[in-house]
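Each remark here refers to the structure printed beneath this line.
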Amino acid sequence: MTRELSFAQALCEATDLCLSRDPSVYVMGLGVPDVKGLFGSTAGLVKKHGPRRVRDMPTAENGMTGVALGSALVGMRPILTHQRVDFALLAMEQIVNQAAKWHYMFGGNARAPMVMRLIVGRGWGQGPQHAQSLQAWFAHVPGLRVAMPTTAYDAKGMLISAVEDDGPVVLIEHRWLYNLRSEVPEEIYRVPLDRARVARVGGDVTVAATSYMTVEALRAAQQLSRRGIEIEVVDLRSINPLDIDALLASVTKTGRLVVADTGTTSFGVGAEVVARVSEEAFSELNAPPRRVASPDAPSPSAPSLSIEYFPRALEIECAVHACLGLPPPLAEPCAHPLDIPDPDFVGPF
Amino acid sequence: MNTPDDARLLRDLLLIRIVEEEIAKRYPEQEMRCPTHLCIGQEATAVGVCRALQETDVVFSGHRSHGHYLAKGGDLTRMIAEIYGRVSGCSRGKGGSMHLIDPSVGFLGAVPIVSSTIPMAVGAAFGFALRGESRVAAVFFGDAAVEEGVFHESLAFAMLERLAVIFVCENNLYSVQTPLSARQPSSRSLCDLARGHGMTAEHADGNDVFAVRSVARAAVERARQGGGPTFLELPTYRWLEHVGPDEDGALGYRSAEEINAWKERCPVAHAQKVLLEREVVDAAGIGALRQNIEDQVQQAFAAAKSAPVPDAAELLTHVFTGGRTPIDRESL
C-alpha cells in the first residue's frame, strides 16, 4: 500500500524495516533514542527495538566511527548518524583513511558495510559550522558511495539500499527536505545508489540538481514554463558514482546544461558534472554550461547574508536564461522569509 | 607450566625473528618496494599476547605488524608475497607491508595511521557483545598512540560498555626518532592514562614472553568473563631503524649503550634460556626447530617471488564491494 510520508518519516520507516528484518543492523548517534529522534527520523524506534540497537553514543565522532567500522568488520551493519555534516569532519580519519579504503587496501579480503547519515543544517542562522554541504569532499574519496535523496520515496529506498550495500555509504540529507511529503509504499523496496532520476521532462535546458536544489529547480521550472521555457530536471541522487549516462542522455536532448548544487561552487559537484559532460559530449553543447551554487565563502549566520549565500529558484532561472542567451528574469518577491524552508517554520532548528 | 604451549612460544618467537632477519637481508636487493617496519627485538609482545588468545579471537595492529600477524597464525607466504607486491599477497599487492590481513585466523587488519585500529578493536568487541559472543579483541599499538585523541575516545567507550578488548601498548620509547621524553611528561606513566579512564592497567616486561603471556591471560580471562577491558603496557625495544633493514646507531638519537643494553635482553635468547633450564627443549631440539623454520622461510620467499604481479585490471577492482546483503534474506 502507498500513502504520503514526510522525508523524515520515510527514513524512520526504512530504519524500522531494516532493524526488524536483519539482527545485524543497529542505529547509533547522538540523540538517536531521545524524544526528538533526530528530527523525527528515528522517532519511536527505541521503544520498538530497544536501547541496545537504537543507541545514543558518546560525543566522540572519530572514535565512534571506528567503533562502527570495527563492528562492521565482524558482521554488524551499523547506521551511524550525525545531526550536522560538520560534526562528521571530526571523523574524517576513520571515514577517509579507513572505511573508504578497507575493501580495496586488503585486496577484497574484508568488507565494511556501514551507513553514515549526515544532515545539512541550512537556515535559521546556522552559520559557518552548522550548515556545510560537503558532498564533493566525500565524493572525492574513492570507495565511498555518496548519495543525496530528495524525495521521501527515495529517502526510504536509498537508505534500505545503503544498509544492504556491503561497503560504506555516506547519505547526505538536507534538513529542508525533512518535512516534504511524497507517496511511499509501506513495503521494502530499493532505490539504486548509482542512478539519477528525471524529476521533470523538458527539452530546452538540462538542470542537474542535488538534494534540496532539485526542489528549487522544480520551482524554477514552473516560472520558466510560464515564459515558454521547458527545463529537464535531473535529480542526481547519487554523487559517487555519478550517473553520467543519465546526464548525457538529457544533455544530448537539450544541448544546454545548468548544475545546481547545495555546496560551494569551486571544485564542487557542478565542476565535476560540467567536466564530465564536456569531456564526453562537448559537441552536443550549444552554450557554455553554468553552475548554480553558493559562493566560495563560509556560510554566514545573519539572515541578510544567508539570503545572498544560498541560491534559490531565481538563480537557476537566471542561469537557464543565460544558457539560452536571454536577459535575466525579474525577481518576484517571496511570500515568506528566506532563511526558513516554509512559512510554518519557527526557530530554533 | 604447559609444555606444548611453551614449545609453541619458542617456535613463534623464532619464526618472527628469522622472517624479519631474512627481510632485512634481502631488502637491499630493492625488490621489496614498500616501506617495511621490522620488529626485531619486539617479538615477545606479539607472541605472549597471541598465545593467550583463542583462534576465534581477533587482533588488529599498526605499521609494525609482521610479528602480530605471524603470532596470530597469519599465512607466511601470503605476507611475503604482499611485501613483494604480488597478486598472491594477503592484500593482492594493494596494501604492502603496512596492510596485512588474514581473516581466516582472526587477524583483521593492520594500518599505518597511528592509533587508527584502536577504535576498530573496540568496535569488534562491541559487535561480539551485541551478538552475545564471548570472543575477545586485542589491538597492538605503540607508545605514541596514546597521544592521539582517538585512543582516549576508544578507552572511554570500552569502559562504558565493559567490552572484551585488550589494549596492548608496546612501549619502545620512540615515535620514529622522537623520544618519549619529548612527547609525554615523565610524571605520569602510560598505565596512569588507562587508569584515568577507570580501566585496569598492567605493566609487564615486554621482552619476557612468559611475563607477557601471564598478564595477557589474566586480561583475556577477565574480558571473557564480562570483566571489561584491560590496558597492558609492555616496554620493549626495536633494534633496527624505524623503517628499513639497517641499524641506526649512527643517527645519534639513541646511544650505543642504550641499544646494547636492550640487545642483551633479547626476547628470543631469554625464552630459549628459560626453556632450556626447564628442560622443555634441548639444544638439539632448538637447532632442529631453527632449521625447520629457516626452510619454511626460504620456501615462502621462493613462492612469493615466483608469484605473478597484479595485472592492470586489478587497479580498479575492489574500489566498491559490488556486493549487497539483503535485509530480507528469506524472501530473495
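Within the stretch A:256-296, being crowded, with 18+ Cβ neighbours inside 10 Å, part of a helix (DSSP H, G or I) and of a type outside the set (Gly, Ala, Ser) holds for A:Val269, A:Glu272, A:Val273, A:Val274, A:Val277. In the stretch B:65-114, the qualifying residues are those that are aliphatic (A, V, I, L, M), part of a helix (DSSP H, G or I) and within 11 Å of the chain's Cα centre (by Cα), and the one that is farthest from B:Val168 (Cα to Cα) is B:Leu70.
The set of residues in the stretch A:193-228 being open to solvent by less than 60 Å² (accessible area, probe 1.4 Å) and either modelled with pLDDT under 95 or in a loop (DSSP other than H, G, I, E, B) (or both) consists of A:Leu193, A:Asp194, A:Ala196, A:Gly202, A:Gly203, A:Asp204, A:Thr210, A:Ser211, A:Gly228.
Just the residues that are open to solvent by 10 Å² or more (accessible area, probe 1.4 Å), in contact with a strand residue (DSSP E or B) (Cβ under 7 Å, 6 or more places away or on another chain) and more than 21 Å from A:Asn179 (Cα to Cα), please, taken from the stretch A:2-46. If the condition is that a residue be open to solvent by 10 Å² or more (accessible area, probe 1.4 Å), in contact with a strand residue (DSSP E or B) (Cβ under 7 Å, 6 or more places away or on another chain) and more than 21 Å from A:Asn179 (Cα to Cα), then A:Ser24, A:Val46 are the ones that fit.
Within the stretch A:195-233, the set of residues being closer than 18 Å to A:Thr150 by Cα and of a type in the set (Ser, Thr, Tyr) comprises A:Thr206, A:Thr210, A:Ser211, A:Tyr212, A:Thr214. Here A:Lys36, A:Lys48 are screened, and the one residue that is part of a loop (DSSP other than H, G, I, E, B), farther than 27 Å from B:Pro119 by Cα and among the charged types (D, E, K, R) is A:Lys36. The residues in the stretch B:35-68 that are of a type in the set (Ser, Thr, Tyr), over 18 Å from B:Gly244 (Cα atoms) and either touching a helix residue (DSSP H, G or I) at 6+ places or on another chain (Cβ under 6 Å) or open to solvent by less than 20 Å² (accessible area, probe 1.4 Å) (or both) can be counted, and the count is 2.
The single condition among (1) in contact with a strand residue (DSSP E or B) (Cβ under 8 Å, 6 or more places away or on another chain); (2) within 14 Å of chain A (Cβ to nearest Cβ); (3) not polar (S, T, N, Q) that B:Ala81 does not meet is (1). If you check A:Pro185, A:Pro142, which single one turns out to be within 13 Å of chain B (Cβ to nearest Cβ) and touching a residue at least 12 places away in the same chain (Cβ under 8 Å)? From the options A:Pro185, A:Pro142, the qualifying one is A:Pro142.
A residue that is on the phi > 0 side of the Ramachandran plot, facing chain A (nearest Cβ under 9 Å) and not in a helix (DSSP H, G or I) occurs nowhere in the stretch B:135-143. Within the stretch B:84-107, the only residue that satisfies the criterion of being touching a residue at least 40 places away in the same chain (Cβ under 8 Å), of a type in the set (Val, Ile, Thr) and at the interface with chain A (Cβ under 9 Å from one of its Cβ atoms) is B:Val87. Looking only at residues of the stretch A:168-183 that are of a type outside the set (A, V, I, L, M) and either within 18 Å of A:Ala88 (Cα to Cα) or part of a strand (DSSP E or B) (or both), we find that the one that is most open to solvent (accessible area, probe 1.4 Å) is A:Arg181.
Output the residues belonging to the stretch B:10-34 that are closer than 23 Å to B:Ile286 by Cα and open to solvent by 40 Å² or more (accessible area, probe 1.4 Å).
Once the filter is applied, which keeps residues that are closer than 23 Å to B:Ile286 by Cα and open to solvent by 40 Å² or more (accessible area, probe 1.4 Å), the stretch B:10-34 yields B:Arg11, B:Glu21, B:Lys25.
Checked against (1) of a type outside the set (Gly, Ala, Ser); (2) more than 14 Å from chain B (Cβ to nearest Cβ); (3) open to solvent by 30 Å² or more (accessible area, probe 1.4 Å); (4) in contact with a Ser or Thr (Cβ under 6 Å, 6 or more places away or on another chain), A:Gln126 passes all but condition (4).
The helices (runs of 4 or more DSSP H) found wholly in the stretch A:58-107 and carrying at least 1 residues that are more than 9 Å from chain B (Cβ to nearest Cβ) and over 22 Å from B:Phe128 (Cα atoms) occupy A:85-88.
Selection of the stretch A:81-96 for residues being in contact with a helix residue (DSSP H, G or I) (Cβ under 7 Å, 6 or more places away or on another chain) and either acidic (Asp, Glu) or over 21 Å from B:Ser115 (Cα atoms) (or both) yields A:His82, A:Glu93.
If you check B:Gly123, B:Gly149, B:Gly127 for being within 17 Å of A:Val67 (Cα to Cα), without any contact (Cβ under 8 Å) to a residue 40 or more places away in the chain and surrounded by fewer than 24 Cβ atoms within 10 Å (Cβ to Cβ), only one passes: B:Gly149. The residue pairs whose first member lies in the stretch B:280-300 and is more than 22 Å from B:Pro4 (Cβ to Cβ), whose second member is open to solvent by 60 Å² or more (accessible area, probe 1.4 Å) and of a type outside the set (Gly, Ala, Ser), and whose beta carbons are closer than 6 Å, counting only pairs six or more residues apart or on different chains, do not exist in this structure.
The values are calculated or read from the model by the stated rules, or taken from the named source; none is laboratory data. Remember, predicted model here, so these are calculated numbers, not experimental data. Here the Cβ is made from the backbone with ideal geometry for all residues, glycine too, and neighbour counts use every protein chain on show. Each accessible area value is taken on the protein alone, full model and side chains, heavy atoms only, with ligands, DNA and RNA left out. Shrake-Rupley method; radii C 1.70, N 1.55, O 1.52, S 1.80 Å.
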